[in-house]
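Visitor: Pasting a structure below so you can have a look.
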Amino acid sequence: MMAMRCSGCEIILKPIEFNDYSDMHISDRADKLRESIRHHEHQYYVLDSPEITDAEYDALVRELQQLETGHPELITPDSPTLRVGGKPREGFQKIAHSSPMLSLDNALSTEELRAFDNRVRELLGNAEYRYVAELKMDGLSMAARYRDGVFDLAITRGDGSVGEDVTENARTIRSLPLRVHRRTPFEVRGEVVFNRRAFERLNAEREKDNLPRFANPRNAAAGSLRVLEPGITASRRLDYYTYFALDEEGKFLFDSHWESLDWLAAQGFKVNPKRRVCANVEEAVALCAEWEAERESLPYEIDGVVLKIDSIPQQRQLGFTARAPRWAIAFKYAAQQRETTVVDISVGVGRTGALTPVAHLEPVVVGGVTVSRATLHNEDEIGRLGLEIGDTVLIERSGDVIPKVVRVTKQGETRTPFHMPHECPVCGGHIVREEGEAASRCINANCPARLKESIGHFASRGVLNIDGLGDVLIEQLVDKGLVKSVADLYYLKEAQLADLDRMGPKSAANVIRNIDRSRTLPMPRVLGALGIRFVGERTAELLADHFEDLDRIASATVDELQQAQEVGPKVAESIHAFFEEDHNRQLLARLRAAGLQFKHNAPKREGGTLQGMTFVVTGTLPNLTREDAKAKIEAAGGKVAAAVSRKTNYLLAGEDAGSKLKKAQELGVAVIDEAGLLEMIEKGTR
């Protein structure tokens with residue numbers, strides 16, 4: 001390779017073989033490599049102005065990786081080699097934002113935009129003001145924090161108050177600088193986006209691997225940033241555009257938003273170059289129209305333009321509503337539409353068993369993306385549209401929705417009506433459509449399309465509570481064919497689990513122990529774990545109290561099921577249909593053989609010391625499990641509810657009691673501990 005000169009950092013770099021390093025200059029060489037790589041990343045990913053070829057850049061990175069592998073003590077927190085993706089993680093920690101990440105109010109017409117401007121003028125008392133206009137990029141909001149000039153933490157928007165820690169994944173985004181000039185702690189906020197080319201390439205790869213396409217770049221960006229494998233995030237080449245700079249307490253760094261954007265660019269952040277200052281609302285209206293006409297020429301998706309008052313003191317004067325700032329608004333573009341032909345209609349099965357008809361289309365470019373499929377939602381929607389295979393239809397796509405069929409514009413010369421299948425296209429199980437509902441559903445709990453969801457529900461807290469059996473492990477168990485039925489959980493071996501990613505002998509032993517423990521949980525929990533529609537915790541308890549045998553529930557008629565307390569026709573029909581499905585009867589037989597509890601001794605509650613009282617249990621008790629506490633309360637005639645309300649008599653609280661304790665205190669509900677409960681049961685004290 002030829003020698004390379006880094007024009008921004010005045011370093012001339014010539015490749016050096018690893019064995020040619022001397023101890024005297026190895027540290028200096030690493031520093032120079034890092035500085036050069038940072039410069040070229042900025043040139044390529046931020047300024048779109050590369051100075052060297054990809055091969056030359058890769059050579060620098062490989063040299064630094066080789067050097068750091070041989071000398072781990074030289075690795076720095078901001079090393080470009082850390083962008084490639086670290087170890088997989090178990091989940092995402094929740095982190096509070098320094099200040100709320102609020103959403104913006106929308107203007108859907110120029111009249112609404114002018115009305116917003118009138119409100120601003122009135123609130124500012126006719127003082128002079130100007131707008132900063134920025135393209136509204138269709139991505140995922142993210143905050144990035146820096147400390148001592150080094151990238152330290154990244155948080156998704158979440159609910160606006162609390163987001164998820166995605167630091168390791170964000171580190172792989174090349175346009176996010178790992179080192180900046182400012183040493184004082186600060187935070188930037190911006191949008192993680194997929195450019196059009198990367199999005200189309202990703203969807204093509206997913207189709208090749210028989211995976212569902214992402215609906216739009218925003219969904220793809222969100223999914224890529226929140227995967228548990230940082231290496232996957234790194235491979236998808238996300239981009240990060242910033243628009244806010246805040247201090248450590250969440251306050252703006254400057255008195256002008258435009259000045260803030262310029263400062264961000266000077267620090268090495270990517271800031272949208274299409275931003276513009278507008279002296280008044282008419283200039284803003286003209287700019288919105290300009291970019292609506294030119295939006296397809298952009299390398300990324302936009303769905304509008306954001307207007308912000310430039311002056312930060314004026315922003316403070318304008319303040320906020322309950323959910324949005326009064327000093328900013330998003331002008332949203334209308335959805336884009338095109339005509340095409342429906343060549344077929346297929347049916348997909350979702351994670352909950354719901355069947356969704358999908359129109360297969362003659363490919364058409366809508367909003368810069370090639371659309372070949374569109375959701376039809378359900379059978380009623382097809383009837384409303386009057387749609388048949390072969391018709392010409394109007395397709396609509398906006399940045400935040402899956403492409404959909406708006407209407408039939410021309411009936412096909414040869415039309416074929418569509419009918420929802422009577423059997424699941426994935427497993428052959430029965431399809432049921434409840435009266436009054438639009439969706440048809442596969443009710444086979446072991447249907448491959450919904451198996452992961454079924455296992456997740458089965459193992460969840462409050463059902464069979466199999467601790468350690470989380471989403472990541474479930475994915476591996478199903479994808480590797482170790483679990484093809486919920487019942488297969490009870491035939492797993494420690495060695496099988498220990499060989500999986502992020503598992504070892506100790507973790508495997510814990511999961512197997514928790515699976516075995518679930519065999520002892522009472523029958524209502526087993527009934528609830530089956531995932532029968534409309535059968536939650538309370539209904540399962542009432543059914544168990546009435547029938548006292550799971551096999552009796554499974555063989556009961558609709559009329560017999562309605563004899564149980566609070567079980568009406570709709571619930572009874574759902575239960576009966578579930579057990580009519582042969583796959584579900586086979587699952588029940590396997591669960592019985594695995595030793596789960598099928599019998600139930602209904603508590604004799606009349607005359608108990610807790611008769612008529614309602615309890616809620618939260619936190620970790622010193623001696624009793626929650627199940628034990630619940631059983632004792634019910635045996636003494638009391639009821640156990642899932643949530644605190646004004647009807648709750650007592651909250652039984654252990655260690656780490658959370659929101660339920662706070663709610664009880666707000667409502668004035670009495671709070672007792674385990675000793676207090678046992679005393680009440682023994683003495684009848686109220």
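Visitor: Note down the relative contact order for segment 614-683 as a percent, whole number, built from C-alpha pairs under 8 angstrom at least six residues apart.
Guide: Normalised by residue count, the contact order of segment 614-683 is 37 percent.
Visitor: A further question follows. Going by how many other beta carbons lie within 10 Å of each one, how would you line up 214, 578, fewest first?
Guide: Ascending Cβ contact count within 10 Å gives the list 214, 578.
Visitor: Between residue 206 and residue 298, what FRET efficiency follows from the Cβ-Cβ distance if R0 is 25 Å, with the result rounded to 0.05?
Guide: 0.60
Visitor: Identify, among 470, 61, 521, the residue whose Cα sits farthest towards the positive end of the charge dipole of the chain, taking +1 on the Cβ of Lys and Arg and -1 on the Cβ of Asp and Glu, with the dipole about the Cα centre.
Guide: Towards the positive end, the residue furthest out is 521.
Visitor: So what is the calculated 222 nm ellipticity per residue for the chain, using -39500 (n - 2.57) for each DSSP H run with n of 4 or more, over all residues, to the nearest 500 deg cm²/dmol?
Guide: The helix-only estimate for the chain comes to -10000 deg cm²/dmol at 222 nm.
Visitor: Still on this structure, please answer the following. Placing +1 at every Lys and Arg Cβ and -1 at every Asp and Glu Cβ, with all other atoms neutral, what dipole size does segment 361-494 have around its Cα centre, in debye to the nearest 20?
Guide: That gives a dipole near 160 debye.
Visitor: With the Cα gyration tensor of segment 106-332 giving a ≥ b ≥ c as the square roots of its eigenvalues, does the rule (a/c under 1.5 for rounded; else a/b larger than b/c for prolate; else oblate) give rounded, prolate or oblate?
Guide: It comes out oblate by the Cα gyration axes.
Visitor: What trypsin sites (Lys or Arg not before Pro) does segment 267-307 have in DSSP loop regions with at most 11 other beta carbons within 10 Å?
Guide: Sites meeting the loop and neighbour criteria: none at all.
Visitor: Grab the other residues whose beta carbon is less than 14 angstrom from that of residue 358, score K and R as +1, D and E as -1, and report the net.
Guide: -1
Visitor: Please compute the modelled spin-label separation between residue 123 and residue 514, points set 7 Å along Cα→Cβ, answer in nm with one decimal.
Guide: Using points 7 Å along Cα→Cβ, the separation is 4.7 nm.
Visitor: OK, next. Taking the alpha-carbon centroid of each part, what is the distance from segment 276-332 to segment 612-647 in angstrom?
Guide: 53
Visitor: Relative to the longest principal Cα axis of the chain, at what angle does helix 537-547 sit, 0 to 90 degrees, rounded to 10?
Guide: In the chain, helix 537-547 runs at an angle near 20 degrees to the longest axis.
Visitor: Based on the Cβ-Cβ distance of residue 370 and residue 286, what FRET efficiency does E = 1/(1 + (r/R0)^6) give at R0 = 30 Å, to the nearest 0.05?
Guide: E between residue 370 and residue 286, to the nearest 0.05, is 0.45.
Visitor: Please identify every one of the GluC sites (Glu not before Pro) in segment 127-170 that sits in a loop by DSSP and has no more than 12 other beta carbons within 10 Å of its own beta carbon.
Guide: 128
Visitor: Another question about this same structure. Does segment 336-410 classify as rounded, prolate or oblate by the C-alpha gyration tensor (a ≥ b ≥ c root eigenvalues; a/c under 1.5 gives rounded; else a/b over b/c gives prolate, otherwise oblate)?
Guide: In terms of gyration-tensor shape, oblate.
Visitor: Contour minus end-to-end for residue 683 and residue 408, with contour as 0.36 nm per residue of separation and end-to-end as the Cα-Cα distance?
Guide: That works out to 91.7 nm of additional length.
Visitor: Next up: To the nearest 10 degrees, how steep is helix 505-518 against the longest Cα principal axis of the chain, on a 0 to 90 scale?
Guide: Once rounded, the angle reads 40 degrees.
Visitor: For segment 166-221 and segment 530-562, what is the centre-to-centre distance using only Cα atoms, to the nearest Å?
Guide: Between the Cα centres of segment 166-221 and segment 530-562 lies a distance of 47 Å.
Visitor: Could you give the nm distance between label points at residue 585 and residue 182, where each point is 7 Å from its Cα heading toward the beta carbon?
Guide: With each label point 7 Å from Cα toward Cβ, the separation is 6.9 nm.
Visitor: Only Lys, Arg, Asp and Glu count, each charged at its Cβ (+1, +1, -1, -1), so figure out the dipole size of the chain about its Cα centre, rounded to 20 debye.
Guide: Magnitude of the dipole: close to 1020 debye.
Visitor: Moving to a separate point now. Quick one: 162, 486, fewest Cβ neighbours within 10 Å first, how do they rank?
Guide: With the fewest neighbours first, 162, 486 line up as 162, 486.
Visitor: Got a sec? How would 244, 615 order by Cβ neighbour count within 10 Å, fewest to most?
Guide: 244, 615
Visitor: Quick check: from the Cα gyration tensor, does the chain come out rounded (a/c under 1.5), prolate or oblate?
Guide: prolate
Visitor: Using the charge dipole of the chain (Lys, Arg: +1 at Cβ; Asp, Glu: -1 at Cβ; taken about the Cα centre), state which of 298, 372, 677 has its Cα farthest towards the positive end.
Guide: 677
Visitor: Please state the relative contact order of the chain as a whole percent: Cα pairs under 8 Å, 6+ residues apart?
Guide: Dividing the mean separation by the residue count of the chain yields 8 percent.
Visitor: Nearest 20 debye, what's the magnitude of the dipole of segment 336-410 about its Cα centre given +1 on Lys and Arg Cβ and -1 on Asp and Glu Cβ?
Guide: About 180 debye.
Visitor: Filter the trypsin sites (Lys or Arg not before Pro) in segment 121-195 to those in DSSP coil with at most 15 other Cβ atoms within 10 Å of their Cβ, and list the result.
Guide: Sparse-neighbourhood loop trypsin sites (Lys or Arg not before Pro): 182, 183.
Visitor: Then there's this: Please name whichever of 440, 486, 569 sits farthest to the positive end of the charge dipole of segment 423-602, dipole taken about the Cα centre and charges placed at Cβ: Lys and Arg +1, Asp and Glu -1.
Guide: Of 440, 486, 569, it is 486.
Visitor: Just to confirm the number: angle between the C-alpha axis of helix 626-635 and the first principal axis of the chain, 0 to 90 degrees, nearest 10?
Guide: That helix lies at roughly 30 degrees to the long axis.
Visitor: Here's something else I'd like to know. At a threshold of 8 angstrom on Cα-Cα distance, excluding pairs fewer than six apart, so keeping six or more, what relative contact order does segment 533-635 reach in percent?
Guide: Value for segment 533-635: 27 percent.
Only the coordinates and a few stated rules stand behind these numbers; no lab work does. Every value quoted in this text rests on a predicted model; they were computed, and no experiment measured them. FYI the Cβ positions are ideal-geometry reconstructions off the backbone, even for glycines, and counts take in every protein chain you see.
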